[in-house]
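The values are calculated or read from the model by the stated rules, or taken from the named source; none is laboratory data. No experiment lies behind these values; they were computed from the predicted model shown. Virtual Cβ from ideal backbone geometry, glycine too; neighbours counted across all protein chains shown. Accessible surface areas use protein heavy atoms only, side chains included; no ligands, DNA or RNA. Shrake-Rupley method; radii C 1.70, N 1.55, O 1.52, S 1.80 Å.
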Amino acid sequence: KHAVNLDNKIAEVRVKPFTLEMGFKFQLHVTISGKKINVSEVPELSIPDEWMRDKLELNFYRSEQGGGEVETVNYDKQSRTAVITFLKPG
């Protein structure tokens, strides 16, 4: 049990354990250019669009797999596509 002061009111809170969902593993189809990658067939997952953008950015940021620093991720859930733009061509 903990007591937290919120706007001059005391709220008693309890810590409860919770289970994190397993990670997702999926395959992407990509078309590569100098600075952008077009990704198609992004799987439909029941996660917020922002999380999907973060997952795509982290996946393509990995330099050991030929990625690099990501400038933008434009993700379209409806068409299941994304465009990853890198800071530097390569």
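Of note:
- One residue from S46, S79 being out of contact with any Ser or Thr (no Cβ under 6 Å at 6 or more places or on another chain), open to solvent by less than 70 Å² (accessible area, probe 1.4 Å) and part of a loop (DSSP other than H, G, I, E, B): S79
- Taking the criterion of being in contact with a Phe, Trp or Tyr (Cβ under 7 Å, 6 or more places away or on another chain) and closer than 17 Å to G23 by Cβ, the residues of region 43-90 that qualify are P43, L45, M52, R53, L56.
- Among the candidates N59, N74, residue that is in a helix (DSSP H, G or I), at pLDDT 80 or above and not aromatic (F, W, Y): N59
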